Amino acid sequence: MLSCLCADNQASKMPRRFFVGGNWKMNGDKASIDGICEFLKQGPLDKNVDVVVGVPAVYLEYVKARLPEDVQCAAQNCYKEPKGAFTGEISPAMLKDIGVEWVILGHSERRNIFGESDELIAEKCCHALDNGMKVILCIGEMLEDREAGKTEEVVVRQLTACAKKIKEWANVVVAYEPVWAIGTGKTATPAQAQEVHAQIRNWMKEKISPDVADATRILYGGSVSADNCRELAKQHDVDGSLVGGASLKPDFVKIVNANVK
Ligand code: PGA
């Protein structure tokens, strides 16, 4: 019994592997993508970091064929059904069919520009995970939420919707992305990021399980750059970053290599 407990404790104390995601959003053409694949190939990229780039769906296969083998591809969205009359959508089954294992879900641009609800995002996460995908689940508060002191309430609301549906968290990476920091050049300070990351981990510990809280990577996203990535990565509960604009530039290599833990 005792040895069992020890084994469990040790398993839960395994260090979380650093993770850096790139989110290309609706950017790139074949010529610029060739350039990105080239600087990723040149690297060198820290072998102890999981690197996943979020690619526009139309280029997924093109990029997959050109990335170095230690960099994986993610779709930026997928639907909650396997197939059917859902014009314009793609399913996890289709992504798996072309060898894509990761998907970014719940990005604030999907929530705020395309009106995706907490409920829909939870359904998408659940369907993607049930179909063997790995999910980068984005959450984060708007500026008015932060100014009203509602940051924790908002991220907990977003997480709770998902937790009602997600049965297994092993294939989930959470990205905390304060909306006011995305694409604005206004990064959260390392202390602000750490505060929310700790709240998220605490919530996971209480509402899911201590093991899930210990094992789940929580990334910071929002104007991450070569200049600020190391200070962010030093924070205890920051396990990497989700990078938009800077993931299109060679600086992304520096951000991948900012694993200072
Ligand atoms: P940014 O975007 O790095 O350009 O702020 C981050 C994101 O939207 O994931």
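Just so it is clear, none of the values below were taken in a lab; they were calculated from the coordinates. Treat the numbers as computed from the prediction; the structure is a model and nothing was measured. Note that each Cβ is placed from the backbone with ideal geometry, even for glycine, and that neighbours are counted across all protein chains shown.
In segment 27-35 there is no residue that is among the polar types (S, T, N, Q), closer than 26 Å to Ala170 by Cα and surrounded by fewer than 15 Cβ atoms within 10 Å (Cβ to Cβ). For segment 211-225, filtered to residues that are assigned to a strand (DSSP E or B) and touching a Ser or Thr at 6+ places or on another chain (Cβ under 7 Å), the residue that is nearest to the ligand (Cβ to nearest atom) is Gly221. For the condition charged (D, E, K, R) and within 14 Å of Ala57 (Cβ to Cβ), what is the one hit in Asp118, Asp97? Unique residue meeting the criteria: Asp97. Scanning segment 103-135 for residues that are among the charged types (D, E, K, R) and outside any helix (DSSP H, G or I), we see that the one that is nearest to the ligand (Cβ to nearest atom) is Glu116. Scanning segment 136-167 for residues being part of a loop (DSSP other than H, G, I, E, B) and under 23 Å from Val53 (Cα atoms) gives a total of 1. Considering only residues in segment 53-62 that are surrounded by fewer than 23 Cβ atoms within 10 Å (Cβ to Cβ) and closer than 19 Å to Gly245 by Cβ, the one that is nearest to the chain's Cα centre (by Cα) turns out to be Pro56.
Tell me the residue from Val173, Val154, Val100 that is within 15 Å of the ligand (Cβ to nearest atom) and β-branched (Val, Ile, Thr), please. Testing whether each residue is within 15 Å of the ligand (Cβ to nearest atom) and β-branched (Val, Ile, Thr) leaves just Val173. Residues that are assigned to a helix (DSSP H, G or I), more than 16 Å from the chain's Cα centre (by Cα) and surrounded by 21 or more Cβ atoms within 10 Å (Cβ to Cβ) within segment 187-210 comprise just one, Met204.
Here Gly183 meets each of (1) touching a helix residue (DSSP H, G or I) at 6+ places or on another chain (Cβ under 9 Å); (2) free of Cβ contacts under 8 Å to residues at least 40 places away in the same chain; (3) within 16 Å of the ligand (Cβ to nearest atom) with one exception, condition (2). If the condition is being farther than 12 Å from Ile36 by Cβ, part of a helix (DSSP H, G or I), within 15 Å of the ligand (Cβ to nearest atom) and not aliphatic (A, V, I, L, M), then segment 226-253 contributes Cys229, Gly245.
Taking each residue of segment 106-132 that is touching a residue at least 12 places away in the same chain (Cβ under 8 Å) and within 12 Å of Ser91 (Cα to Cα) and looking for partners that are assigned to a helix (DSSP H, G or I) and among the small types (Gly, Ala, Ser) with beta-carbon atoms closer than 7 Å, six or more apart or interchain, yields Asn131/Ala93.
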